[in-house]
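Below: one structure, written as structure tokens.
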Amino acid sequence: GDAYHGKSTILEAIREGVYNHAAGDGREYVITDASAVNVCSEDGRSIRNTDISFFLGKLPTDKIKPKHFSTDNASGSTSQASAVAEAIECGSTLMLFDEDRSANNFMYKDEKMRSVIKNASTVPFIDNARMIYDRFGISSVIVIGASGEYFRIADRVILVDTYVCSDYTDYEM
């Protein structure tokens, strides 16, 4: 959906659904598996000995070790890759992404960029999402408003328009 139509509000409700509910607080309408993890970009965070090799490979330097990645000042993309690795490690069954709080270069590369960058050292999340589901049983909810790239990997597409949700899964591009 577009800006201010309720996408992030729905994601926030899903996030809050992991907590105990009090009758009448509104959260009784949303129940989320307790293992759900919010995955976002956090520039400058510290990362210690985390395997982000699903997302970072054939680098032009030997100084960075993707299987044992550490930094005191992570970029948006490496912090988000680390957050996915941590979700896998903690046994999550659901990862929650908001496009507005994600590193675009971590989430996807469009066809034009793929044609320009011949020796890519990064593998975007969009190329790993199905493998993460198949191998680890982790589903993803991705709230988007700008990139239709995710439609190609989605099992279900929900359009949020003026706070109303409708199934858009069968949309033909």
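The values are calculated or read from the model by the stated rules, or taken from the named source; none is laboratory data. Predicted, not measured: the structure shown is a model, and the values here were computed from it. Every residue, glycine as well, gets a Cβ built from its backbone with ideal geometry; the counts of neighbours run over all protein chains shown. In case anyone asks, the SASA skips ligands and DNA or RNA and just uses the protein heavy atoms, side chains included. Shrake-Rupley method; radii C 1.70, N 1.55, O 1.52, S 1.80 Å.
Data for the structure
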{"read-out": "Complete set of residues in segment 42-63 that are surrounded by 15 or more Cβ atoms within 10 Å (Cβ to Cβ), outside any strand (DSSP E or B) and out of contact with any Gly (no Cβ under 8 Å at 6 or more places or on another chain)", "value": "45, 51, 52, 53, 54, 55"}
{"read-out": "Residue check for residue 132: β-branched (Val, Ile, Thr), assigned to a helix (DSSP H, G or I) and touching a Phe, Trp or Tyr at 6+ places or on another chain (Cβ under 6 Å)", "value": "no"}
{"read-out": "Residue match in segment 94-110 (condition: more than 19 Å from residue 140 (Cα to Cα), at pLDDT below 95 and either over 13 Å from the mean Cα position of the chain (by Cα) or open to solvent by less than 20 Å² (accessible area, probe 1.4 Å) (or both))", "value": "yes"}
{"read-out": "Cβ-Cβ under 9 Å pairs, at least 6 apart or on other chains, segment 32-48 side within 13 Å of residue 81 (Cα to Cα), far side of a type in the set (S, T, N, Q) and exposed (fewer than 14 other Cβ atoms within 10 Å of the Cβ)", "value": "43/73; 45/73; 46/70; 46/73; 47/70; 48/70"}
{"read-out": "So residue 54, is it hydrophobic (A, V, I, L, M, F, W, C), touching a strand residue (DSSP E or B) at 6+ places or on another chain (Cβ under 7 Å), farther than 25 Å from residue 158 by Cα and in contact (Cβ under 8 Å) with a residue 12 or more places away in the chain", "value": "no"}
{"read-out": "Meets criteria (open to solvent by 30 Å² or more (accessible area, probe 1.4 Å), in contact with an Asp or Glu (Cβ under 6 Å, 6 or more places away or on another chain) and not acidic (Asp, Glu)) for residue 133", "value": "no"}
{"read-out": "Residue among 166, 140 that is closer than 19 Å to residue 15 by Cβ, in contact with a Leu (Cβ under 9 Å, 6 or more places away or on another chain) and of a type in the set (Ser, Thr, Tyr)", "value": "140"}
{"read-out": "Positions within segment 1-22 being under 20 Å from residue 94 (Cβ atoms), of a type outside the set (A, V, I, L, M, F, W, C), open to solvent by 40 Å² or more (accessible area, probe 1.4 Å) and in a loop (DSSP other than H, G, I, E, B), in sequence order", "value": "19, 20, 21"}
{"read-out": "Given (1) at pLDDT 95 or above; (2) of a type outside the set (A, V, I, L, M); (3) in a strand (DSSP E or B), index of the condition residue 80 fails", "value": "(3)"}
